[in-house]
Amino acid sequence: MKKIVCCVYLFIYGLLATAQVRPQYSQYMLNNYLLNPAITGIEDYLDIKTSFRSQWAGIEGAPTTYYLTAHTQIGNNPNLANPAKIDDKQHAFAPKGSRYNSYKKNKAQHGIGGMMLYDKIGIFSIAEASFSYAYHLLLMPNVKLSAGISAGVSQYAMRGSELKLANPNDNLASDVVLIKPIVSAGLWLYATNFYAGIALTQLAGNTFDFGANAIQQSPSVRHLFATAAYKIRLGESLTVIPSLFAKVARPLPMAMDYNLRLLWANRIWAGASYRPASKDAIFMAGIHISPSFELSYSLDTGSSQIGKVSRGSHEIILGIRLNNRLAVYCPTNMW
């Protein structure tokens, strides 16, 4: 076990030395706001999500991540002045001629949001707080394009005092805390049955000096996220949603995710993902308990050395929709 822990630390140390890699998520398709600020205010309600992720459970010093996100539209929407005029059957399977599907916002809209995140990997931790804004523009009937930006601060900490070193005077034995700005921007093209987005993170171009020669003046690396999905109806109640996700953070190789979810009556869903680079298989499921609450869980299994000796990676998300005046169970926009 000591050898495994040592390997984990060396792996993490190498990542921090070269890239300042962003936290990893498995259920980002349920909360693309994590990756792309252009999502901000995409729906008519206040969307709140909180999550806990334990990566490589059972291994000391393995990553753990917590986050809380919230975003909403700002300004009054005249189409919501009288929600009672909207059909009772308020979900994606409403008849095409129904007033529900004729409910389309035909003006530009604005959104604001915020996120708090805490990520810990061994002796390293990151605490972030950021705010976002997005502008949503109607391109054609039922299709919109949004552009968003987020900015905030991040606290990077190295708790060298937690290490048991043979030489207590080693550079790694000290605690170091750094405060840096964080900036990201993105675009999002979307409708009720598809989306495609691209985002750039860590645009501030920070450098990091934790006082140890191995990671002295380590630069933050910009991350490029690209994702796309399409909703396919297979029957009155069954929907299939394939999606792709690509991440580029040089000098690391490009990483791809291939995802597939099955959604039943907009209430219950199950799905799976595959990451060829790490050979991880991910299984996930969730339920929309009511128009106000949803709950989901995912399990990552991998064939890598670390994956084999761990108890997998676990991620739980609780979603809350406030002021959901249309009482929808799933987002009316495909995201």
Query - Cut-off under 5 Å, modelled amide H: who pairs with ASN193 long-range - result: MET334
**Report entry** Positive minus negative residues near PRO23 (Lys, Arg vs Asp, Glu; Cβ under 14 Å)
**Finding:** 0
Query raised in the report: What is the fewest-to-most order of PHE124, PHE194 by other Cβ atoms lying within 10 Å of their Cβ?
Result: PHE194, PHE124
Query raised in the report: Do the alpha carbons of any pairs in LYS107/LYS247; LYS144/LYS231; LYS107/LYS144; LYS107/LYS231; LYS247/LYS279 sit beyond 22 Å of each other, and which pairs?
Result: LYS107/LYS247; LYS107/LYS231
Query raised in the report: Among residues other than ALA249 whose Cβ falls under 9 Å from its Cβ, what is the net charge (Lys/Arg +1, Asp/Glu -1)?
Result: +4
Query raised in the report: Want the number for TYR258 to TYR274: 0.36 nm per residue separation, take away the alpha-carbon distance, what's left?
Result: 5.2 nm
Query raised in the report: So, in nm, how far is label SER125 from label ARG311 when the simple model puts each one 7 Å beyond its Cα toward the Cβ?
Result: 2.2 nm
Query raised in the report: What is the order of GLU236, GLU128, GLU294, GLU60, fewest Cβ neighbours within 10 Å to most?
Result: GLU236, GLU60, GLU128, GLU294
Report summary line: Per-residue Cβ contact counts at 10 Å, fewest first, order THR65, THR227, THR192 as THR192, THR65, THR227
Requested in this report: Give the calculated FRET efficiency between LEU137 and ALA285 to the nearest 0.05, with a Förster radius of 51 Å applied to their Cβ-Cβ distance.
Outcome: 0.90
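Each value in this text was obtained by applying a stated rule to the coordinates, not by laboratory testing. Keep in mind it's a predicted model, so treat the numbers as computed, not measured. Every residue, glycine among them, receives a Cβ derived from its backbone with ideal geometry; neighbour counts consider all protein chains shown.
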